[in-house]
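Taking it in order: structure first as structure tokens, then the write-up.
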There are 4 protein chains.
Amino acid sequence: MQLGLIGLGKMGFNMRERLRGGGHEVIGYDPRPEVSDVPSLAALAEQLEAPRVVWVMVPSGEITRETIEDLAGVLSSGDLVIDGGNSRYTEDGIHAKMLVDKGIGFIDAGVSGGVWGLTEGYGLMIGGSDDDVARVMPIFETLRPEGDLADGFVHAGPVGAGHFAKMVHNGVEYALMTAYGEGYEMLAAEPLIKSPQAVYQAWSNGTVVRSWLQQLLAKALKEDPQLADISGYTEDSGEGRWTVEEAIRLRVPVPGIAASLFARFLSRQEDSPTMKAVAALRNQFGGHAVQRVSKSG
Amino acid sequence: MQLGLIGLGKMGFNMRERLRGGGHEVIGYDPRPEVSDVPSLAALAEQLEAPRVVWVMVPSGEITRETIEDLAGVLSSGDLVIDGGNSRYTEDGIHAKMLVDKGIGFIDAGVSGGVWGLTEGYGLMIGGSDDDVARVMPIFETLRPEGDLADGFVHAGPVGAGHFAKMVHNGVEYALMTAYGEGYEMLAAEPLIKSPQAVYQAWSNGTVVRSWLQQLLAKALKEDPQLADISGYTEDSGEGRWTVEEAIRLRVPVPGIAASLFARFLSRQEDSPTMKAVAALRNQFGGHAVQRVSKSG
Amino acid sequence: MQLGLIGLGKMGFNMRERLRGGGHEVIGYDPRPEVSDVPSLAALAEQLEAPRVVWVMVPSGEITRETIEDLAGVLSSGDLVIDGGNSRYTEDGIHAKMLVDKGIGFIDAGVSGGVWGLTEGYGLMIGGSDDDVARVMPIFETLRPEGDLADGFVHAGPVGAGHFAKMVHNGVEYALMTAYGEGYEMLAAEPLIKSPQAVYQAWSNGTVVRSWLQQLLAKALKEDPQLADISGYTEDSGEGRWTVEEAIRLRVPVPGIAASLFARFLSRQEDSPTMKAVAALRNQFGGHAVQRVSKSG
Amino acid sequence: MQLGLIGLGKMGFNMRERLRGGGHEVIGYDPRPEVSDVPSLAALAEQLEAPRVVWVMVPSGEITRETIEDLAGVLSSGDLVIDGGNSRYTEDGIHAKMLVDKGIGFIDAGVSGGVWGLTEGYGLMIGGSDDDVARVMPIFETLRPEGDLADGFVHAGPVGAGHFAKMVHNGVEYALMTAYGEGYEMLAAEPLIKSPQAVYQAWSNGTVVRSWLQQLLAKALKEDPQLADISGYTEDSGEGRWTVEEAIRLRVPVPGIAASLFARFLSRQEDSPTMKAVAALRNQFGGHAVQRVSKSG
């Protein structure tokens, strides 16, 4: 089928490729003319036959908001917009409302898979009405991985459900990565273990902890057994923070996910103000030897 | 090759089956005559041709200790004992020493895979000398899963390294399960999500969080979508506790694994003494409404 | 000085008492006629001499919002409103703006001390302009505890700073209570310890952990040494949740405060969905004995 | 009464001073002749009238063990040894047994108060038999703070109970310090707050969080408002690690104390191996920008 695709960055570019490979006609728009198929949003709208389906794949936040606003201006009743970026699910209702007055439909799509999606397919978590989802199904069929539909695609619920499921996916991902990280650190700290890499590699088959992330860590350790070239400084992209915030709203205890989020915050601090306060306290009451800043390298 | 196998419980029984299927001659001993091939340890030793290889697959702790002691009595110089149970790795050195005076070798083998191992093979993490490991290799080859050797087998280091790697494996497993549990709880708490099961199922392909445990949870939720028949009361089998203890010894911060362990402790408490103290405090300073025990059902 | 006081619940009632004891003229309003000095907000405004100072001491959220709206209607330019309730600090800017158009000033006051404040005084954390704070100083002087001003009163910053400081105060309070709770649980679990109460009592002088909360817990344990009459079911009143949310906004790792908040969530669950998922997983892969719901009574 | 005191370091030196001020005859021994009253342990034993009471105040671990061994050599039946250092409570039974064969009694004493103890008195947590404790009571009376006996002294139970109570005291102390540290970090991160120091100071009276540690942090912040001269690098002295280990043995969930312990481990790492693994994983699956070591300063 025909699809407009806005945003041809790392993800959107690959998705256009995969969709074209699947026989769809994709017209992509991006502000960078070297990758864009059309010079403007207006041109995109013009070139698509009504009723149009437009997939938005741009950074979450302001850029997504503005893009949806702009689309509300150039699209017409009967058209359909899909937000496939990492928007917070609370944005979806707002975006849907911005479009519904014009008679334009809205779907939120959580898309997982990163750079591997081009060849392996993307895990899809979708929110929207049954009719809207049915309409985009040919696109979803091409984007998703091979195998049973239910193993790589879910129509999770009404508008918002797709991004909510994707947010939880990423929150779980944070905690999984921390779990594997802690395991690595223990193996690396114990002199009995000849090669943490070999242990991680050996977990690939038959074990309870086998997973895609486990295999990726084995691969990363093969390339750099001491992780000597990698700093622990780690950004967080929003979903982890949102997951903990939504957990608080839902009164769901998430010690594992929260610990993972806080570990990322800590990784970006030169020195921890909390621990400076702890050190200052020890200094006050105990005459404990406190490391002075000048000595701490 | 020929192997003595002590302990024909859930794990040992299946391993005998898989090994025999692989062409090995396995003589099993178990105190329950209905599953045992020989009437006693002494008979087992007698029936095996020297130099003997004996695999011990009994519960960790006292029973393993006593079995090794008994084996020191009936085996001879040149024989080899493998502890394939979930012994704490700190036991391995002690057990090796109990045997070395008699000229008997020792290997510790961490075995993962549970009831699935019979058909899929067992993930193996081995500690011991190069010569001893080479000698048992035909057995390991049959037990391990199909595919590359390095993907399901590791000679992790000297005596102790196998059980250490298995202990870390189980600690990581605790944290992974908690991560998936937290994700499930959030999906179940959010009304937008039609079916947490369907979301977990859809994570099977293409996503970052796909894993064996993820698929098992999808399967469990298919059988019982609300987990209505399952209590959260959860035992811990030792490795989780040991992992945190060893992390403390190694000064490795393991907030994720520790949170998972504490969650299991909590799951077995009728009411949390910590929270009773917190409630008592609130009652003291705030006249906060405190739920009396009689009301809390 | 003259003060209007809205809300004569547990806190407001005591504050009126303490302020009158300090020589101030307090006109209290409460919807319950048996405690109210005036029949309505309008009557309150009428009875106060302009420029008026009105202290709002009502539950945070909608009731505070509506009260401020109502006050915007009955007060005049030059008047001053103080929100002494537990409003989220992000509300303060909104409330200030609702009043500033009418020329009415706004102060946010975090008030600590609970039922003990009547006799011991209230810890005060204030946000607002220097002029507004100076104007209310006689009231603050009476409410605050005896001793140095700086030991029980802080003008923490502009509008919002008072409630922010109070929110952090409560977040810290959560973590302190959990710390003492964990200590109590350990003492109660160890057979060597004759009386956890006696240990807590003995921490009152000379120790590093001595505090008001420590003494309150000693007192609570004296009244009920096993805490047998108290359920661990514990509400959270908002500030704990807000503290973690603001920590996330500020990228401040707060594992201690978050653990305390999650412990409260857990205390209110009949059974933990997270742990049900963990138990279901163990059931799937290990044939671990899983406690069925019917048995967990 | 007469007391032998072994170890005249920071703690022992001050205790001798306080005890002499209380009218006791203290004969101190220390390997450093400039502070010692006698040249050797043997001389100490000789100079004390039988039956002797000897207080050991040396670093926990090997030095305490050796000192007790030496005392078993020079003391006689009817004498009494008190271990006032920070020994792990599991050592106490061993030490008592080393002495009991000679007819020498043993008491374990947890002593809190640090450098402030000289003037304010020491919080005391005692383990031992009723008779032994009664015998040393005059010494305890002088060491303990003024006020009610029960507020600064507890005979917590039989041998081991004193050090167990002190260990829990220190575990709680870890979590309290982290709580105040997290509160400080939040106040310091929020631009609305003019002075975190002033807020901490204002918590001294009337608030729920007031405590000795709170006042010490206010004092530390007064001396160095940004804690600019203090590194967050923080040692742990054993009790925190032991508390978590004992909590695991007792199946007591201690997320607050464990988080505090792990924060100390983290404070001493140049870079977190766990987070290096997390960063490596993100690099693998997402093409996320990973900070290379060379860039991370």
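Of the residues contained in the stretch D:11-19, one or more are found to be of a type in the set (A, V, I, L, M, F, W, C), under 20 Å from D:D108 (Cα atoms) and surrounded by fewer than 21 Cβ atoms within 10 Å (Cβ to Cβ). Could we say that B:A228 is surrounded by fewer than 24 Cβ atoms within 10 Å (Cβ to Cβ), in a loop (DSSP other than H, G, I, E, B) and among the small types (G, A, S) here? So B:A228 fits the description; yes.
Look at (1) surrounded by fewer than 24 Cβ atoms within 10 Å (Cβ to Cβ); (2) without any contact (Cβ under 8 Å) to a residue 40 or more places away in the chain; (3) more than 7 Å from chain A (Cβ to nearest Cβ) and you find that D:L266 fails only one, number (3). The residues listed here are A:A175, A:A198, A:A179; of these, the one that is part of a helix (DSSP H, G or I), at the interface with another protein chain (Cβ under 7 Å from one of its Cβ atoms) and touching a strand residue (DSSP E or B) at 6+ places or on another chain (Cβ under 6 Å) is A:A198. Considering (1) in contact (Cβ under 8 Å) with a residue 40 or more places away in the chain; (2) over 23 Å from C:N170 (Cα atoms), the lone condition that C:G110 does not fulfil carries the number (2).
With respect to the conditions (1) closer than 18 Å to C:I193 by Cα; (2) crowded, with 19+ Cβ neighbours inside 10 Å, D:D131 falls short on a single one, namely (2).
Keeping to the stretch B:185-215, report how many residues are under 24 Å from the mean Cα position of the chain (by Cα) and under 13 Å from C:A277 (Cβ atoms). Here the count works out to 2. Applying the set (1) under 18 Å from the mean Cα position of the chain (by Cα); (2) at pLDDT 95 or above to A:D236 leaves exactly one unmet item: (2).
When D:G152 is tested against (1) within 21 Å of D:G61 (Cα to Cα); (2) buried (at least 24 other Cβ atoms within 10 Å of the Cβ); (3) modelled with pLDDT of 95 or more; (4) in contact with a Gly (Cβ under 8 Å, 6 or more places away or on another chain), only condition (1) is not met.
Only a single criterion out of (1) over 16 Å from the mean Cα position of the chain (by Cα); (2) of a type in the set (D, E); (3) buried (at least 22 other Cβ atoms within 10 Å of the Cβ) is not satisfied by D:D37, namely (3).
Taken together, the residues in the stretch A:167-179 that are among the β-branched types (V, I, T) and under 11 Å from the mean Cα position of the chain (by Cα) amount to 1. If you scan the stretch D:182-195, which residues turn out to be assigned to a helix (DSSP H, G or I) and in contact with a Gly (Cβ under 8 Å, 6 or more places away or on another chain)? Selection gives D:E182, D:G183, D:M186. Among the residues of the stretch C:204-218, which ones are in contact with a strand residue (DSSP E or B) (Cβ under 7 Å, 6 or more places away or on another chain) and within 17 Å of D:T243 (Cα to Cα)? Residue satisfying the conditions is C:V208 alone. Just one residue in the set A:I257, A:I248 is hydrophobic (A, V, I, L, M, F, W, C), over 18 Å from the mean Cα position of the chain (by Cα) and crowded, with 20+ Cβ neighbours inside 10 Å; that residue is A:I248. Looking only at the stretch A:206-257, residues that are at the interface with another protein chain (Cβ under 7 Å from one of its Cβ atoms), basic (K, R) and under 30 Å from B:P145 (Cα atoms) come to 2 in all.
Whether any residue in the stretch C:195-215 is in contact with a His (Cβ under 8 Å, 6 or more places away or on another chain), surrounded by fewer than 20 Cβ atoms within 10 Å (Cβ to Cβ) and not aromatic (F, W, Y) is what I want to check. The answer is no; no qualifying residue exists. For the structure I just gave you, tell me whether A:F285 is modelled with pLDDT under 95 and of a type in the set (A, V, I, L, M, F, W, C). Yes; evaluated as a whole, the condition is true for this residue.
C:G113 meets each of the listed conditions (1) surrounded by 23 or more Cβ atoms within 10 Å (Cβ to Cβ); (2) modelled with pLDDT under 95; (3) touching a helix residue (DSSP H, G or I) at 6+ places or on another chain (Cβ under 6 Å) apart from (3).
Residue count for the stretch B:55-87 under the criterion of being part of a strand (DSSP E or B), under 20 Å from the mean Cα position of the chain (by Cα) and touching a residue at least 40 places away in the same chain (Cβ under 8 Å): the result is 4. Residue check: is A:A279 in a helix (DSSP H, G or I), in contact with a strand residue (DSSP E or B) (Cβ under 6 Å, 6 or more places away or on another chain) and either within 12 Å of chain B (Cβ to nearest Cβ) or of a type in the set (F, W, Y) (or both)? Against the criterion (in a helix (DSSP H, G or I), in contact with a strand residue (DSSP E or B) (Cβ under 6 Å, 6 or more places away or on another chain) and either within 12 Å of chain B (Cβ to nearest Cβ) or of a type in the set (F, W, Y) (or both)), A:A279 does not qualify. Taken across the stretch A:243-260, residues that are touching a strand residue (DSSP E or B) at 6+ places or on another chain (Cβ under 8 Å), more than 24 Å from B:T207 (Cα to Cα) and modelled with pLDDT of 95 or more do not occur at all.
The values are calculated or read from the model by the stated rules, or taken from the named source; none is laboratory data. Please read these numbers as outputs of a predicted model, since none were measured by experiment. Every residue, glycine as well, gets a Cβ built from its backbone with ideal geometry; the counts of neighbours run over all protein chains shown.
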